[in-house]
1. Would you mind working out the magnitude of the charge dipole of the chain relative to its Cα centre, with +1 at each Lys and Arg C-beta and -1 at each Asp and Glu C-beta, to the nearest 20 Debye?
2. Can you give the local net charge around Arg67? Use residues other than it whose beta-carbon is closer than 14 angstrom to its beta-carbon, Lys and Arg +1, Asp and Glu -1.
3. Test of understanding: in a Gaussian network model of the chain with alpha carbons linked when under 10 Å, which of Tyr80, Tyr112, Tyr32 would top the mean-square fluctuation ranking?
4. How much net charge surrounds Phe47 when only other residues with a Cβ under 12 Å from its Cβ are counted (Lys, Arg +1; Asp, Glu -1)?
5. To make sure I understand the rule: partners must be aspartates and glutamates, Cα under 19 Å from the Cα of Lys65, and not fewer than 8 residues away in the same chain. Which ones qualify?
6. Over the chain, what is the relative contact order in percent, taking alpha-carbon pairs closer than 8 angstrom and at least six residues apart?
7. Can you tell me which of Leu104, Leu11, Leu81 moves the most in a GNM of the chain? Springs connect C-alpha atoms under 10 Å apart.
8. Share of antiparallel DSSP beta bridges in the chain, in percent to the nearest 5?
Amino acid sequence: QVQLVESGGGLVQAGGSLRLSCAASGRTFWTYGMGWFRQAPGKEREFAATINWSGRNTYYADSVKGRFTISRDDAKNTVYLQMNSLKPEDTAVYYCAVRVAAQLMEVTSYDYWGQGTQVTVSS
């Protein structure tokens, strides 16, 4: 089993930055990697970014590409999501999860979800 705890969310003005952290404990090695999703009120959970276990391969949703960066620190068992140039439409609860299947963007490819951290971007 693995436990994930997200942190780093908050309230920020449009154009600002936040860095989210996802600390993993328990079994921390999986075949595929880790990912970040987000869910706005009344909307489905959507893919944001993923990184494989080597850290060499990353993939982003078009909506965040060029503004968000996913990275990992193996020594700390932590995955980060650096979010720059934030927009009001980025407002959501952000979740990290372990990718347990090959598909990069599908919610069903992910398991062991954290509790989420709220990000609110004011205009």
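The values are calculated or read from the model by the stated rules, or taken from the named source; none is laboratory data. A quick note: this is a predicted structure, and the numbers were derived from the prediction, not measured. Glycine also receives a Cβ, built like all others from the backbone with ideal geometry; neighbour counts cover every protein chain displayed. Only protein heavy atoms, including side chains, enter the accessible area calculation; ligands, DNA and RNA are left aside. Shrake-Rupley method; radii C 1.70, N 1.55, O 1.52, S 1.80 Å.
1. Values: 12 positive and 10 negative charges, 43 e Å.
Here the size comes out at about 200 debye.
2. Working: positive: Arg19, Arg38, Lys65, Lys87; negative: Asp62, Glu89, Asp90.
Value of the local net charge: +1.
3. Tyr112
4. Values: positive: Arg38, Arg45, Lys65, Arg99; negative: Glu44, Glu46, Asp62, Glu106.
Residues near Phe47 contribute 0 overall.
5. Within the straight-line cut-off, Lys65 pairs with Glu46, Glu89, Asp90, Glu106.
6. Numbers: 306 pairs, mean separation 43.4, N = 123.
After rounding, I find 35 percent.
7. Leu11
8. On the way: 39 of 43 bridges.
Close to 90 percent.
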